[in-house]
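Structure first, then comments.
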Amino acid sequence: MRPGEERSLLHDLPRLALLGLGACFILLPYVWMFAASLKPGSEIFRDSLTLWPERFYAIENYGKALSEVPMLRFLFNGALVCALILVFQMLFAVPAAYALANVVVSASTDPEGFGRVPVEAQAMGRPVVATNHGGARETVLEGRTGWLVAPGNAEALAVALATTLDLDLAARAKLAEIGRQHVLDNYTVDLMISRTLALYADLAGARHGRG
C-alpha cells in the first residue's frame, strides 16, 4: 500500500477479524468466571460444562461474598499489585522499549505543549521522527537528533522513517550522543526547577520594583 492511499474496509477485514478472534480468546476466561458466579456450587463442580446456569444463584453468591469475604483487603491487595506493576513498567519496561527501538515516532495530529516522548527517546539515544508542531519544534533538533514532518502527511512520515532506518552505525552513534547531551543541557528535572524558580524570582522582583 502506497503512502497516502486510503484503506478500504474490505482491505482491513482480515486483520479486524483476526483481532476480534484474539479479543474473544482473551475475554473467554472472564466470561466463564462471570458465568460461574451465577451458578450454585453443585453446577460448577460437575462433569458437564454449560455456560448459562440451570439455577440462577447470583444473589446468594454475591451476597455471601460481600458479607463474608474481606473485600477491602482484596481491593487493597489488587491496588498494591497494580501500583507495583506500574512502577516496574516505568523503571524497566519503558526504558527497555526505547532501548530496543530503531526509531521512535511521535506522530500527534494535535500540537502538544511539551510532549515527553521525543525527549525520553533522545535521553535513551534513539532517533526521533515527530510532527512539526507544538513542543517538538523545540525539543527535536532537525537533522541532528531526529526529523520533523508535517502533521497528517503520511508520505513525509514514510520518507523520514526510511531516512532514519538507513542510518549507519556511526551516524546512529553520533545522533545518540547529540540527543542525550541535548536532554542533559535542557530538560533535566534540576534544570527545570532552577529555571522555574529563577522565573518566579524575576517576576517577584519586577512586581516589587513597580511597587
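For the reader, a short list of remarks on this structure follows.
- Cα-based helix-to-principal-axis angle, 58-68 vs the chain, degrees rounded to 10: 70 degrees
- The relative contact order of segment 1-113 comes to 15 percent, based on Cα pairs under 8 Å that sit 6 or more residues apart.
- In this calculation the C-beta distance from R180 to L80 is compared with R0 = 41 Å, giving a FRET efficiency of 0.75.
- Segment 127-204: relative contact order as a whole-number percent, Cα under 8 Å and 6+ apart: 26 percent
- Within the chain, longest stretch free of exposed trypsin sites (Lys or Arg not before Pro) [DSSP loop, at most 15 other beta carbons within 10 Å]: 56-143
- Among the GluC sites (Glu not before Pro) found in segment 36-78, those both in a DSSP coil and sparsely packed, with 14 or fewer other Cβ atoms within 10 Å of their Cβ, are E54.
- Estimated from helical segments only, the mean residue ellipticity of the chain at 222 nm is -20000 deg cm²/dmol, where each DSSP H run of four or more residues counts as -39500 (n - 2.57).
- Cα-based shape type of the chain, given that a ≥ b ≥ c are square roots of the gyration tensor eigenvalues and the cut on a/c is 1.5: oblate
- Per DSSP, loop chymotrypsin sites (Phe, Trp or Tyr not before Pro) in segment 97-180 with at most 13 further Cβ within 10 Å: F114
Read-outs: derived from the displayed coordinates by stated rules, not from any lab. If you're wondering where the values come from, they're calculated on a predicted model, not measured in any experiment. When we count neighbours, we look across all protein chains shown, and the Cβ atoms used for this are built from the backbone with ideal geometry, even at glycine.
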